[in-house]
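Here the structure is laid out as C-alpha cells; the discussion comes afterwards.
Readers should treat all values here as calculations from the given coordinates under stated rules, not as data from a laboratory. Quick caveat: nothing in here was measured; it's all calculated off a predicted structure. Neighbour counts are summed over all protein chains in view; Cβ atoms, including those assigned to glycine, are modelled from backbone coordinates with ideal geometry.
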Amino acid sequence: MGSAIGKESAIGSTRQPKKTGLGDLPESCVATVLMNLDPNDICSLAKLNKAFHGASSADFVWESKLPPNYKQIIEKISDENDDDNLPVYSCKKEIYASLSRFNSIDGGLKKVWLDKNTGGICMAISAKGLSINGIDDRRYWSHIPTQESRFPSVAYLQQIWWFEINGEVEFPFPEGTYSVFFRLQLGRPVKKFGRRICNTEQIHGWNVKPVQFQLATSEGQRSVSQCFLDSPGQWLHYHAGDFVVKKSNGPTVVKFSMMQIDCTHTKGGICVDSVVIYPSSFKERLKRF
C-alpha cells in the first residue's frame, strides 16, 4: 500500500500547473487597459472573450472617451429637437454611441457628431443654414439635390456681382482648438449616362480677385484670410480660420463669412455645400488652402 501511495504522489508531482490566459484577467484590470485605447480598438477587443466583452461596457471606460461637458451637449441636442425630456441611457457606452451618430439640430440645417476615432465634437452647417446674398432669386442661385453631401441639397450659383455668405452657430463646444472650413466646388455636378461629371461652363470670375474669409467668436477672437478658388470638379475644404475654447461651461458663439464683393466683375459656377467645424487636429487632412 505504501508503494502505491508513493506512486500516486509521484504521478501527482509531475502534473503541470494550469495555464492562465487573457480570459482569466479580472474585468476591472481589463477595463483599466481599455481606457487607454481608441474606441474602435475597444470594440474590436470586446470580441476576444467574456472578460473583454464585459470590460468594454464599463462606464468609466466610455466616460473617459466622452467630452467633459457631454451632458450640456445632450441637453443642447434635445432642446433643439424640442424633446420634452432628456433621453434615458442605461450606460455611458450608449451615450457615446448616440453622440457618434449624425444628430440633427436647427430643423435639420445643422448636424453634430462625435468623431469615433478622436472623441472630438464636429459640426456641419448646410447651405440652407447659411445667410447667402441673393439666395431667394432664382436668376442667381438654386438648390440642387445631391448625394455628395451630408445634406439633401447644395446651393449652386449661376452668376452674381456681390457674393457674400454669412453664418453663425452657438454651441457648447468642449475645450480645445477648432478649425472652420467652407466645403465648395467649382462647377455643377450632373449625371450623364449614369456617370457623375462636372459641368464647368459657368465657372468665371474667381481668378480675378481672391475671396475673403472672416471668423469671430464671442470670446473676442478674430481672423481674416483670403485665397483664390480653383480645381474645378473637386469638393475642397477652404480654411476660414481657427478658434480656441478655453472653458466649456457654456455655449460659444462663432460667426464666419466668405465674400467677394468687388462689383467690377461677375462670378459664378460654384456649389456651396456646407460649413464644417472640426477639431484642429483634422486640419492637415482637410486643409486645401
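In terms of distances greater than 31 angstrom between alpha carbons, the cross-link table entries K110/K267; K192/K255; K116/K191; K209/K246 yield K192/K255; K116/K191; K209/K246.
In percent, what relative contact order does the range 121-286 have, based on Cα pairs under 8 Å that are 6 or more apart in sequence?
Numbers: 398 pairs, mean separation 61.3, N = 166.
Computed over the range 121-286, the figure is 37 percent.
A straight chain from C263 to K283 at 0.36 nm per residue would run longer than the Cα-Cα distance by 4.0 nm.
Annotation: peptides 117-126, 238-247, ranked by per-residue average of other Cβ atoms within 10 Å with the highest first, follow the order 117-126, 238-247.
Taking a ≥ b ≥ c as the square roots of the eigenvalues of the alpha-carbon gyration tensor, the range 191-257 is classed oblate because a/c is 1.5 or more while a/b is no larger than b/c. When Lys and Arg each count +1 and Asp and Glu each count -1, what net charge do the other residues less than 15 Å away from V190, Cβ to Cβ, add up to? Overall, the nearby charge balance is +3. Peptides 147-154, 72-79, 196-203 ranked from most to least packed, by the mean per-residue count of other Cβ atoms within 10 Å: 72-79, 147-154, 196-203. Taking Cβ atoms as reference points and 14 Å as the exclusive limit, the residues near G134 contribute a net charge of 0, counting Lys and Arg as +1 and Asp and Glu as -1. Pull out a ≥ b ≥ c, the square roots of the eigenvalues of the alpha-carbon gyration tensor of the range 239-289, then state rounded if a/c is under 1.5, prolate if not and a/b is larger than b/c, and oblate in the remaining case. Taking the square roots of the gyration eigenvalues as a ≥ b ≥ c, the range 239-289 is prolate. For the range 97-194, the relative contact order comes to 17 percent (Cα pairs under 8 Å, sequence separation of at least 6).
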